[in-house]
Amino acid sequence: MTQMADEIRSLIADLYDDPEAFLTTPHQWLGGRSPNELMATETGQFVLLKFLRGGDHVPPIEPDRDFKPYTTANADDCIDKAITRLEGQIEQLRSLKGSGAEIATVIGRAREVYGEEGLPWLLEYNQVLQTTPLDLVLQGKAERVLTQLGRIEHGVYA
């Protein structure tokens, strides 16, 4: 074992109650890798040493305790969820065809403010409106969406 590896193991022993668990567990703040993986290369050892010595070191937080390493299955699940969400948004957009002047006004105004991103903006959750702008329009509350677009255009976000 190298001197750097010895120093890393010593720091881990000082910082963590269960050093072996820390070494073998993938950590979100190490890019989903375990410290043992990083120990395999000199570059990885430098990363770990920098992390453990100072400014980059953060003690484990609650979400990291349950962190599951990134896998193909996790990625596939995320992709499936995104596809499902997008399919729902596509259906919402299709339902707007031929809806009338109120929808046309909101879509036109969103495009004035956001350009090509105007229509996608209508589908995204809006913190100020507490829903998606499209949901408000479909509830007959297009004026709230138009007011919000005016605020955004003039730099007033609240």
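FYI, it's all coordinate maths here, none of it is from the lab. Bear in mind the structure is a predicted one, so any value in this text is a computation, not a measurement. Note: ideal-geometry Cβ built from the backbone for every residue, glycine included; neighbour counts use all protein chains shown.
Can you name the residue in the stretch 17-56 that is touching a residue at least 40 places away in the same chain (Cβ under 8 Å) and touching a Leu at 6+ places or on another chain (Cβ under 6 Å) and is also surrounded by the most Cβ atoms within 10 Å (Cβ to Cβ) among such residues?
L48
The rows are residues; the columns are (1) in a helix (DSSP H, G or I); (2) more than 25 Å from A82 (Cα to Cα); (3) more than 22 Å from the chain's Cα centre (by Cα).
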residue: E102; (1), (2), (3): yes, yes, yes
residue: V106; (1), (2), (3): yes, yes, yes
residue: E117; (1), (2), (3): yes, no, no
residue: L122; (1), (2), (3): yes, no, no
residue: L129; (1), (2), (3): no, no, no
residue: L136; (1), (2), (3): yes, no, yes
residue: T147; (1), (2), (3): yes, yes, yes
